[in-house]
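A short worksheet on the structure shown next.
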Amino acid sequence: MCRSIGLPERQGPLPAFIRRMLNHGGCRGRNPTRVSGITIMEYVMKKRIEKAKQLLENTNYTITRIAVIIGFSSAAHFSTTFRKRLGISPSEYRTSYNAYNVCGGDLEKLVIE
């Protein structure tokens, strides 16, 4: 039987494919905390950051609202995690993305001061 991966309740339900894998024997005889060479928690975090990038690019939601939407308990924790993974803060990411699009995607026109 597969062991729990221990997602805190506040982070919301497991993605459907992970629930299916855990419930239908996808982890029998294997370590259930690994999917495609990464831990399930790492996969979930990767997906959360991808969703955050999408929201930063396509909405005017506040950082706090995005943090809540993707399952973080606070904007500070979200911002710290985002910066560790991408090297810039969510606000910097949004600013850079918007500046890049204003230039029509031409990096030569983009001058960051």
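The values are calculated or read from the model by the stated rules, or taken from the named source; none is laboratory data. Treat the numbers as computed from the prediction; the structure is a model and nothing was measured. All Cβ positions, glycine included, derive from the backbone under ideal geometry; neighbour counts span all protein chains shown.
Below, the figures for the structure above:
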quantity: Contacts under 9 angstrom Cβ, first residue in region 42-57 being more than 19 Å from residue 98 (Cβ to Cβ), partner part of a helix (DSSP H, G or I) and not aliphatic (A, V, I, L, M), 6 or more apart; calculated: 44/11; 45/81; 45/85; 46/85; 48/11; 48/78; 48/81
quantity: Neighbours by Cβ (under 6 Å, 6+ apart or cross-chain): first from region 72-98, assigned to a helix (DSSP H, G or I); second of a type in the set (A, V, I, L, M); calculated: 75/63; 75/67; 78/67; 85/49; 90/56; 90/63; 93/56; 94/56
quantity: Residues of region 58-71 satisfying the condition of being part of a helix (DSSP H, G or I) and either without any contact (Cβ under 8 Å) to a residue 24 or more places away in the chain or more than 22 Å from residue 101 (Cβ to Cβ) (or both); calculated: 58, 64, 65, 67, 68, 69
quantity: Selection status of residue 5, of a type in the set (A, V, I, L, M), closer than 22 Å to residue 93 by Cβ and either modelled with pLDDT of 65 or more or touching a helix residue (DSSP H, G or I) at 6+ places or on another chain (Cβ under 7 Å) (or both); calculated: no
quantity: Residue among 39, 62, 33 that is among the polar types (S, T, N, Q), out of contact with any Gly (no Cβ under 8 Å at 6 or more places or on another chain) and at pLDDT 95 or above; calculated: 62
quantity: Lone unmet requirement of (1) at pLDDT 95 or above; (2) touching a Cys at 6+ places or on another chain (Cβ under 9 Å) for residue 23; calculated: (1)
quantity: Residue that is surrounded by the fewest Cβ atoms within 10 Å (Cβ to Cβ), among those in region 54-94 that are among the basic types (Lys, Arg) and within 19 Å of residue 41 (Cβ to Cβ); calculated: 84
quantity: Yes/no for residue 16 being at pLDDT 95 or above and of a type in the set (A, V, I, L, M, F, W, C); calculated: no
